[in-house]
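Working notes, beginning with the structure itself.
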Amino acid sequence: MFDIIIRNGTIATASDVFIADIGLRDGAIVQIGGEMTEARQMIDATGKYVLPGGIDSHVHLSQPQPPGIEMCDDFESGTRSALIGGNTTVMPFCLQEKGRPLREVLAEYHALAEGRCHTDVSFHLIISEITPQLLGQELPALVEDGYTSFKVFMTYEGLRLRDDEILETMDCARRSGALVMVHCENEDAIRYLIGRHEMAGDVAPKAHATTRPTLVEREAAHRALSLAQVVDVPIVIVHVSNREAMDEIRRARERGQKVIGETCPQYLMLTADDLDRDNWEGARYVCSPPPRDKASQEACWEGLEQGVFDIYSSDHCPFRFNDDKGKLNPPGKTSFRHIPNGIPGIAMRLPILFSEGVMKGRIDISRFVALSSTNHAKTYGLYPRKGSITIGADADLSIWDPAVQRRITHDDLQDGCDYTPYEGLEVQGWPTTVLLRGEVVVDDGQLVSSRRGVHLARDRSPLATKVFNDKTQPSI
Ligand code: URP
Ligand code: ZN
Ligand code: ZN
Ligand code: ZN
């Protein structure tokens, strides 16, 4: 007797596509194919894809902001929207607050998330200040407890680390077996360009894109990879927007470095022209790195197809537009410099990749599964419990109907924002049914369950474990 049998769906994993039934019991996948008759619930998936639930490994929720600005998704609204878009696990960031023990800050994030998440959740740590105590004791202990990835920033005043600090953080990651994610943009060059633009009175949102050109991303990607080579650690280069940064990843791999590349829907769908709108409207599209041009979009698609990118995440970082704590009225709004960086995308990430990628023939369904779920689980230490359709794995599944056509409107996405950058986009294919650990949580595109997600302590990334276990010194 099964709890649920999903009948006759086209099951796709990162390596296989086949038609079979799946039997679920006690929150797990217990049978794939073969005789299955009795269940409390039958789901007919004829003509539909049955896929591992999406894992969005780059999401910002309830992250504290400078005075006068507020992020508009908390763990409830953000994970609800994630679920509607076919995700069953999200990985938000815990931002270290300077001068406070990281574990204390993490406890506050857990308190905010506890009992409110619609998906399973696992935190990355953002390192904004290094101390001997942090690198010597705190971080290694947190890695042991399942927080096995840190993000460092090369941009944003107050958040960026200097190169020596990045090296020390990478060294800590090597010693503790963590994986470092790097935001690659050269802050000093950006500040120089912002100064010049402001002096010239060029302060509209579109200047956000011209003051963060591709070369500042390329330079920082090259530097991050060089620093990683000095320490001999694998890294993830997050939210890559253009070909030049992609070429840095390719070259690093040719040198033998282990590097994971990530891109996001905004770099496939938006351009810098979206920032060039009257009445501050361009602020809606301000994120960093900024959207580029059509050629960069094509480059990013190529990267998804050919494997420069292993990971495709939303970088969901939502601020309301018509809000005195959002993008329209940031304090001192006379300059683009004050617009909070980030755009919403947690619900639209997968429908965009499915519709523009799979349905338009750019990628096949197995590549979709790899980019949307399996590679996230493998990279960040959740595999095979998550990101796979195998016996014993959590029954986190999304059933996609390729026949559904939808015109996107923000109201359908159920996030806390007041716009979507993809308003009016026509998509083909939708995750009509979603199961979280064996329970139907989305049916016919609607939330139908009050089931709550749990926190996932993660294993070390297999990439990081390799250097962790190799106790010899870096070869340089
Ligand atoms: O503009 C962006 N990407 N905001 C989110 C923070 C980050 O850098 O990932
Ligand atoms: Zn970033
Ligand atoms: Zn300009
Ligand atoms: Zn981000």
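Just so you know, all these numbers are worked out from the coordinates, no wet-lab data involved. These numbers were taken from a predicted model, which means no experiment stands behind them. Methodologically, a virtual Cβ is constructed for each residue, glycine included, from the backbone with ideal geometry; neighbour enumeration extends over all protein chains shown.
Of note:
- Whole-Hz couplings from phi, Karplus 6.51/-1.76/1.60, listed for segment 448-455; x for Gly and Pro: 10, 9, 9, 3, 10, x, 10, 7
- Look at where the Cα atoms of segment 174-217 and of segment 403-418 average out, and the two centres are 31 Å apart.
- Relative contact order (%) - segment 256-317, alpha-carbon pairs under 8 angstrom, separation at least six: 50 percent
- LEU328 long-range amide H proximity, modeled H, under 5 Å: ASP323
- The string of couplings for segment 69-84 from the Karplus curve (6.51, -1.76, 1.60, θ = phi - 60°) is 10, 9, 6, 9, 10, 9, 5, 6, 5, x, 6, 4, 5, 4, 5, 4 Hz, one whole number per residue in order, with x for Gly and Pro.
- Ranking LEU24, PHE75, SER241 by Cα position along the charge dipole of the chain, where only Lys, Arg, Asp and Glu carry charges on their C-beta atoms, puts SER241 farthest toward the positive end.
- Within segment 397-445, the GluC sites (Glu not before Pro) that combine a DSSP coil assignment with at most 16 other C-beta atoms in a 10 angstrom radius are GLU423.
- Translational diffusion coefficient (Stokes-Einstein; Kirkwood radius from C-alpha pairs) of the chain at 20 °C, 1.002 mPa s, in µm²/s: 95 µm²/s
- Summarising the amide proton neighbourhood of VAL441: residues at separation of 5 or more, or on other chains, whose placed amide H is nearer than 5 Å comprise VAL434, LEU435, LEU436.
- For segment 287-396, the list of trypsin sites (Lys or Arg not before Pro) that fall in a loop by DSSP and count at most 12 other C-beta atoms within 10 angstrom reads LYS360.
- Put simply, the amide H of ILE43, placed in the peptide plane, has neighbours under 5 Å in ILE5, ILE6, ARG7, leaving out anything fewer than 5 places away on its chain.
- The chain, relative contact order in percent, only Cα pairs under 8 angstrom and at least six apart counted: 22 percent
- Take every Cα pair under 8 Å whose residues are at least 6 apart in sequence, average their separation, divide by the length of segment 83-211, and the relative contact order is 20 percent.
- Compactness of segment 232-289, expressed as Rg and Dmax over alpha-carbon positions, Å: 14.9, 48
- Taking the DSSP bridge list for the chain and keeping only pairs wholly inside it, about 45 percent are antiparallel.
- Coil-residue trypsin sites (Lys or Arg not before Pro) of segment 95-199, DSSP, other Cβ within 10 Å capped at 11: LYS98, ARG162
- Phi-derived couplings, Karplus 6.51 cos²θ - 1.76 cosθ + 1.60 at θ = phi - 60°, listed residue by residue for segment 181-197: 9, 10, 8, 9, 8, 7, 4, 5, 5, 5, 5, 4, 5, 4, x, 5, 5 Hz, with x used for Gly and Pro.
- Other residues lying with their Cβ under 13 Å from the Cβ of GLU305 contribute a combined charge of -2, Lys and Arg counting +1, Asp and Glu -1.
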